[in-house]
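The values are calculated or read from the model by the stated rules, or taken from the named source; none is laboratory data. Quick caveat: nothing in here was measured; it's all calculated off a predicted structure. Note that we place each Cβ from the backbone using ideal geometry, even for glycine, and neighbour counts take in every protein chain shown. For accessibility, only protein heavy atoms count, side chains too; no ligands or nucleic acids. Shrake-Rupley method; radii C 1.70, N 1.55, O 1.52, S 1.80 Å.
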Amino acid sequence: MHRSYNLTHLILAGVAILGLTPLMVVVDAQARIAFVSNRDGNLAIYVMDDDGGNPRKLSNDPMADWYPSWFFDGKRIAFTSDKNDRAGNRQIYVMDTDGGNRRRLTNNDFAEWDPAWSPDGKRIAFTSSGTRNITGGNWQIYVMDADGDNLRRLTENDFNDWNPSWSPDGKRIAFVSKRADDGNKEIYVMDADGRNPRNLTRSPRHDENPSWSPNGKRIAFTSARNDRSGNRQIYVMDADGENQQRLTKNDFNDWNPSWSPDGKRIAFVSNRADDENKEIYVMNADGSNPRNLTNNPHHDTDPAWYDPAFAVAPAGKVLMLWGCLKRIDR
């Protein structure tokens, strides 16, 4: 009896391989959240499971480390540090996610911070206080290659721009600016090359901390616009600025949202605990079911979510596609 592969299955398998070759799904056991804590005496980068369990310290030096940003494969984290700078200017560093192989990416006489790794892992956007070709030393947004080379400036105006956040497709960058006529902090979006900036929020109160949803359709952010006490709360809006909705409502501050990679949850920082420490919480994407992930006598901030089950490598990486072809007896 002759056995052969059904031609239809061979064709479908070939189409699947060709269609998926630009992507590589990286699978691991546990989603993780990087965060910043001073629980050991100075600001350092930690990582924990996404249920708050198994917290462990990654950076270990006497200077402050903060603003973690994951590389797409979960093997490296970019961050800000004051280490090795006698003037106290913070600079951009990168390290492996076991805390090893720490190296400096920027090296100059002014502060650079707030790194945001592009979805393809090739570039890092960040904020700089440098005076490169402008007057007044305003904060502006720059981008560089992932190894620190090929630095170029994305924004240039007389007001501060900071807090860059890449869209999932890598085509746009949301950021915070005070360029509005009233001087409020507003959330803007621009093309990845710095062109076509436009205001998304246009509110009478400060808006900041933009965070894109994994599907690129929404942006979570922080605002105090509807709270008479001036407390910051978490909001969400469509990527074009429409349909702005409030997610949290309490007598304390909630800020710094970070989406889970499946888009179902949002981690954030709050001082709503009884001791009013800054702690990391998580809630459903509609604002329901908020719960505490960290609970210690010191401050925990800057959550950055990574889920290996949803990590997708950029084009050019090798895809391992496992499966079987149905054999037909003839």
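For the range 37-121, the relative contact order is 22 percent, taking Cα pairs closer than 8 Å that sit 6 or more residues apart in sequence and dividing their mean separation by the residue count. Classify the range 98-182 from the C-alpha gyration tensor, please: rounded if a/c falls under 1.5, else prolate or oblate depending on whether a/b exceeds b/c. The shape class here is oblate. About its Cα centre, the range 91-207 has a charge dipole of approximately 160 debye under the convention of +1 per Lys or Arg Cβ and -1 per Asp or Glu Cβ, with nothing else charged. Pairs with C-alpha atoms separated by more than 25 Å, drawn from the list 75/122; 122/217; 171/278, are 171/278. Taking all protein chains into account, the per residue accessible area for the range 125-284 stands at 44 Å² (1.4 Å probe).
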